[in-house]
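Worksheet: one structure, shown below.
The values are calculated or read from the model by the stated rules, or taken from the named source; none is laboratory data. All figures in this text were calculated on a predicted structure; none of them were measured in a lab. So basically every Cβ, Gly included, is an ideal-geometry build from the backbone, and we count neighbours across all protein chains shown. To get the accessible areas, we keep the full protein, side chains included, count just its heavy atoms, and leave off ligands, DNA and RNA. Shrake-Rupley method; radii C 1.70, N 1.55, O 1.52, S 1.80 Å.
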Amino acid sequence: MPEVSRRTLIQAAALAGTASALTATPAQADGLSISADGITLVAEADGSIVVRDGSGADRLRIAHFMIKDTVLGQQRTFGGTPSLTTVDGKPALQVAYRMSASASAVTVRGTFTVAAHRASLRWEASGSATLTPTGYMFSRTLIGNTAPEKYVPATVWTKDARGGVPYEINAGSLYRETWADTSAYFRLASSNPSFTNAGWIHAPAGGDGATQVDLVVGDMRPGVANAVAAGTPLGVDVWNDQPFGLYDPGATMSVNAQVVNGGAAAKPVTLTWWARDFNGTVLGTGRLGKTLGPGEAWLETFAVRGCPQGIVFIEVKATSGQEEAFARTNLATLRPYDYQSDGTFGIANYTWLLVPDKEQVGRLMQKIGVKWVRIAYDGAPGISPAELDTLGIGHNVQLGGVIFNGTAEQIAAWADDRARIARQSGAAYFEVANELNQPWMSGQKAAEYVRDGLKPIHDRLKDSGIKLMNCGLGGMDHRWTANFHAAGGWDLIDVFAFHPGRGNFTADYAPPPEEWEQGSNGSYWNFLGALRKARQTLDEYGGDKELWLTEAYACTRPNHWWNDTHRQAAENTLLQLALCLSEGVDGVNWYQPHDSTIHHPQEADPKNPEYHFGLLNRDTSAKPVLLAFATATRHLEGATFERWHTFADPDLKGLLFDTPRGRLAILWSRKDGYILNRDHGADQWYPHPEAWVDHWPTKTSVSLKTSGPAVREIDCIGQERTITARGRRVKVTLDGAPRLYYGLEL
């Protein structure tokens, strides 16, 4: 990518001044107050706490607390008596709450303190042996807010002392409140947003039986507000105002960074940043310094000149003495492309995370060549069928809940409901349930699935025009499939669907099925070998069935040998999608659009692979795999597979396609083998290299004949270069990373 431009925009925003002494005063005839820089709490006569910002404007009212008890049920407070007190020698407010007559044995007390831009809210309940602290809640009323409350999972970046890539971990739960000129955040160690409603925030008690909530007031980003709330010495948040950090070629890209002093005293803070591209080139660095008071935030914006196509990795770090905090994000550029055909490639597991909004997510799906969504029906998460129709994106339905060995009435009611949803959705395909072949390769429940699940759906949809898929199998489970065929299931489907899971193997690793090892880290989870077994099965059982991969993926769980690095994921994605065409796959749905899970959106979990299947990072910035997916969909659109190309050297590999853009060759080497991260130890931990680090040690130079004066070479994320031919030949260097070539005569 080109050199970084000089920093064109630097903004410093002092969100707080130097902390003043805490004060406690009678606020008015019927109220008491305590204050610190940027925040005031006023206790009204009925025990309500009013929160004011530094300008003196009323922003929030906190009135009631609700307990949960296995005998008494849910019981709320009804006002209370406020008083002034001290906590650790500092002024505080206290409220002795009143309970209803039915809960008169329960005592609830609230204690409230302030620091710069921060209030500490603590509730203690006692008097009952059957309290359920996990169900506690508190009420809040917003005053003059300009946007609805938003739940924001708090995360922080960290590093393992053993090495490897940095990663994010969960660091609390935030509820963001927004006004035209400021923000506020309620911070809890944990909270379930599905329990929170317009009146109450779910606020479970901690190990000491008390509920602790911290409230931060100021124009801050979630990452830095969380640092202030948690009393972390330093906090950093980085973000980009462009959706997904994705720019058109040549545009000036920018990244915003906010740093905060979360400590109790002023201190000097140094901000450093760097930017690197996919090739490891350092595009720019910077170093700035500023003294920050308690709760004071500092904003900077840095600009990076764009390129035709590529990705930029950004890190911003704040230090003060031995204290340190950092954060990362990505920027990317993607060439425009006008897709023409219906296409083979889609998305699995909904387009559920509509961030920044539904329109932008829809545009992104169009931009990267998504032609199918696996699950879409009215009432489902994500983009509705009608909206997908407008976008020109086909949509299917996958629904489960098969009632094994149920009564005839239960099975009929289930099938009626699922068939109704499929019809109303306008689905082209209905995948009847998901991964019911567990335990893998056991062959269990195949006949029951046909009897209780597939056949009832088939009977209801046989004249609907909707094509039926079996439950997408976890791996190419040929034992289950044989039992499925024997039970008559093969004749009921139009499409054979499965999920070729992949571990630490290159996409073209193809051990024969008789050698597949079982287990969570077994070679059963290979890609090309599974594809070939599926193709063999379709040929053997006949019936002119379509072949769909309703889930395919490249998992980037950090620092685990079984999973891809971000670079390996991009390489394998390009090759996986090409191999789908070479093996005659009719449709493939990538799992999934975003990192994190639908039940825990934008949370972090470095140990759970389910959180790392996305094309986008948790913060919705592009991963290299997103560019690889777009590179594949563009160059393989309308392509017809010709053949594998055989080199004299058996370690060199090639696929040849006829495309509307010309003859396409995809070439790579396996001199370094098919096993990734093979030097791992006994446990799962493995130090992943950074995404810009080339992990293929063996390079092979090959002289190839050309069909013209030059050859276009395109890497896995779509970066291009032109190689000029000499005497109608070019030299290319092959390694384990697949590259695309136009202009070769093979």
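Miscellaneous remarks
- Looking only at the stretch 81-104, and only at residues there that are out of contact with any Phe, Trp or Tyr (no Cβ under 8 Å at 6 or more places or on another chain) and open to solvent by less than 60 Å² (accessible area, probe 1.4 Å), the one that is nearest to Ser183 (Cα to Cα): Pro91
- Just one residue in the set Pro697, Pro689 is open to solvent by 80 Å² or more (accessible area, probe 1.4 Å) and either part of a strand (DSSP E or B) or closer than 23 Å to Arg502 by Cα (or both); that residue is Pro697.
- Of the helices (runs of 4 or more DSSP H) lying entirely inside the stretch 405-510, those carrying at least 2 residues that are touching a Gly at 6+ places or on another chain (Cβ under 9 Å) and closer than 30 Å to Arg557 by Cβ are 478-486.
- Summed over the stretch 137-184, residues that are in a loop (DSSP other than H, G, I, E, B), over 19 Å from the mean Cα position of the chain (by Cα) and hydrophobic (A, V, I, L, M, F, W, C) total 4.
- Unique residue being in contact with a strand residue (DSSP E or B) (Cβ under 6 Å, 6 or more places away or on another chain), among the hydroxyl-bearing types (Ser, Thr, Tyr), open to solvent by 20 Å² or more (accessible area, probe 1.4 Å) and within 21 Å of Ser190 (Cα to Cα) when the list is Thr113, Thr107: Thr113
- Thr556 falls short on exactly one of the conditions (1) out of contact with any strand residue (DSSP E or B) (no Cβ under 8 Å at 6 or more places or on another chain); (2) crowded, with 20+ Cβ neighbours inside 10 Å; (3) within 18 Å of Trp440 (Cα to Cα), and that condition is (3).
- Test result for Lys358, of a type in the set (Lys, Arg), open to solvent by 30 Å² or more (accessible area, probe 1.4 Å), farther than 24 Å from Tyr553 by Cα and at pLDDT 95 or above: no
- Residues satisfying the stated conditions in the stretch 62-106, i.e. touching a helix residue (DSSP H, G or I) at 6+ places or on another chain (Cβ under 9 Å) and outside any strand (DSSP E or B): Leu72
- Of everything in the stretch 647-686 that is outside any strand (DSSP E or B) and of a type in the set (Lys, Arg), the residue that is most open to solvent (accessible area, probe 1.4 Å) is Arg678.
- You will find that of Glu315, Glu324, the residue that is under 21 Å from Val224 (Cα atoms), acidic (Asp, Glu) and loosely packed, with under 15 Cβ neighbours inside 10 Å is Glu324 and no other.
- Of all residues in the stretch 534-548, those that are part of a loop (DSSP other than H, G, I, E, B) and of a type outside the set (D, E, K, R) have Cβ atoms under 7 Å from Cβ atoms of residues that are at pLDDT 95 or above and open to solvent by less than 10 Å² (accessible area, probe 1.4 Å), 6 or more apart or on another chain, in Gly543/Trp490.
- Pick from the stretch 263-309, criterion polar (S, T, N, Q) and in a loop (DSSP other than H, G, I, E, B), ranking: farthest from Gly231 (Cα to Cα): Gln309
- Take the conditions (1) surrounded by fewer than 22 Cβ atoms within 10 Å (Cβ to Cβ); (2) part of a loop (DSSP other than H, G, I, E, B); Thr620 misses just one of them, which is (1).
- Neighbours by Cβ (under 6 Å, 6+ apart or cross-chain): first from the stretch 278-293, polar (S, T, N, Q); second in a strand (DSSP E or B): Thr285/Trp274; Thr291/Pro268
- Counting only residues that are within 30 Å of His612 (Cα to Cα), among the charged types (D, E, K, R) and open to solvent by less than 30 Å² (accessible area, probe 1.4 Å), the stretch 451-507 holds 2 of them.
- Selection within the stretch 406-439: residues that are touching a strand residue (DSSP E or B) at 6+ places or on another chain (Cβ under 6 Å) and either open to solvent by 40 Å² or more (accessible area, probe 1.4 Å) or acidic (Asp, Glu) (or both). The member of this set that is nearest to Gly522 (Cα to Cα) is Glu435.
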